[in-house]
Amino acid sequence: MDDDPQTKPHDQPEPAASDGPQPEPLRFFGTTWVHHDGGYALRRAGVAVGALAAAAAGAFVLRFGFQGLSIAKVGTFVGLLVVVAFAVCSALAFRKTWEGFIRRPEPGGRGSDAAAGSAQGILLIGFIGTLLAYCVRALIEAPGEKLHRAEYERAREQHTRRRGTRTGNPAARAAAKKRKRG
């Protein structure tokens, strides 16, 4: 059988490009972040514009809520308290989202399940900060790319070292060790 792709049976799987670790796909980017191909720059621009548009839409909706408070005549103190609460929650959400792009949460630490569950409400209220973090990070790189690239490179290096130590004849290595000792 020749190597013409049209004559190959379709039920046979294609051979893997490499038997090493595979990159983890990123939201909105898949694995295009590895080689910056497949419309990577266009996707980054789309994420930045989309996140900024969603943040603007969210701020517009919050404005309606604030107008509702004005109509209810709750007073200046409550209005100021709501604005400060949204500002603080947005700042905290921005920081938490930004840190998530740089490093994984520590098990049992500040990023544990219990801490993440208690911070969920703050992140929900501060959704504008999360969207702005996505926008700013997409201007620099794909959100989470630095973290995933470091993990992927580390996994590839470990795989290469493990594969390198397994090459050769184990019996020959044992014989060479005996000659060195004796």
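Pairing residues of the stretch 69-94 that are farther than 30 Å from residue 134 by Cα with residues that are exposed (fewer than 13 other Cβ atoms within 10 Å of the Cβ) and aromatic (Phe, Trp, Tyr), at Cβ distances under 8 Å and at least 6 apart in sequence or on separate chains, gives no pairs at all.
Among the conditions (1) part of a loop (DSSP other than H, G, I, E, B); (2) aromatic (Phe, Trp, Tyr); (3) modelled with pLDDT of 90 or more, residue 60 misses just one, which is (1).
If you go through the stretch 109-118 one residue at a time, do you hit one that is more than 20 Å from the chain's Cα centre (by Cα) and at pLDDT below 90? Taking every residue of the stretch 109-118 in turn, at least one turns out to be more than 20 Å from the chain's Cα centre (by Cα) and at pLDDT below 90. If the condition is being hydrophobic (A, V, I, L, M, F, W, C) and open to solvent by less than 50 Å² (accessible area, probe 1.4 Å), then the stretch 70-84 contributes only 82. Among the conditions (1) open to solvent by 30 Å² or more (accessible area, probe 1.4 Å); (2) of a type in the set (A, V, I, L, M); (3) at pLDDT 90 or above, the only one that residue 138 does not satisfy is (1).
The values are calculated or read from the model by the stated rules, or taken from the named source; none is laboratory data. The shown structure was predicted, so the numbers you read here are calculated from the model rather than taken from an experiment. Cβ sites come from the backbone with ideal geometry, for glycine too, and all protein chains shown count toward neighbours. These accessible areas exclude ligands, DNA and RNA; they are computed on the full protein's heavy atoms, side chains included. Shrake-Rupley method; radii C 1.70, N 1.55, O 1.52, S 1.80 Å.
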